[in-house]
1. Using the Karplus curve 6.51 cos²θ - 1.76 cosθ + 1.60 with θ = phi - 60°, work out ³J(HN,Hα) for each residue of the stretch 153-158 in order, rounded to whole Hz, and write x for Gly and Pro.
2. Expressed as a rounded percentage, what relative contact order does the stretch 39-82 have, with Cα pairs under 8 Å and six or more residues apart?
3. Search the structure for amide H atoms under 5 Å from the amide H of Ile110, placed 1.01 Å from N in the peptide plane, and list their residues when 5 or more places away or on another chain.
4. Could you pull out every residue, at least 5 positions away or on a different chain, whose amide H is within less than 5 Å of the one on Leu61? Hs are placed 1.01 Å off N in the peptide plane, and Pro or chain starts have none.
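Any read-out appearing in this document is the output of simple, stated calculations on the displayed coordinates, not a laboratory observation. Given the structure is predicted, the values throughout are model-derived calculations rather than measurements.
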Amino acid sequence: MVDYARLANTAKEIQDADRIAFEKHKRLRPDPCLFFGRVRDSLIEEMKKANEELRKKRAALLDQNHLPGFSEEMFLTYGTDSLCRVGLGIIRGGCKITAIISGPPNGYEISRKEFLCSQDANCREAIHVVKAGSKKAASRSEEIAAEIIAGILQGKFK
């Protein structure tokens, strides 16, 4: 015979332990940085500027695709060929903004650029990551947005 009272106690203990672990993890994990919100706003502004010029040349336009459930990511398209996924990643001591361009002929990653944000600086600036983990001067959200939009239009990041 199954002792459901004992199983219920065990299930409750597991539930409580999971809840405590979740609360502890939530306290340790930094809130999604406000810097990403500023980068998102700057990207929208830069897209508008770029689209004005693209319209004049009758070229394909930049657009944003919103996907529910991806609140910490932005999907930017250029025409029907290129996709740039701009995302926020939480890492120890801060956050990381990553822009990845994918495109023809097979949809694989073409180019990637990462910006680290120090939690100590309250994510006011990002540190551009260059090859092999070396770091470059800090960038403002407007500079990052301009660099991402330029990379999308060029088809790769420099």
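1. 5, 7, x, 6, 8, 8
2. Reported as a whole number, the value is 30 percent.
3. HN-HN under 5 Å from Ile110: Ile101, Ser102, Gly103.
4. So Leu61 has HN proximity to Gly79.
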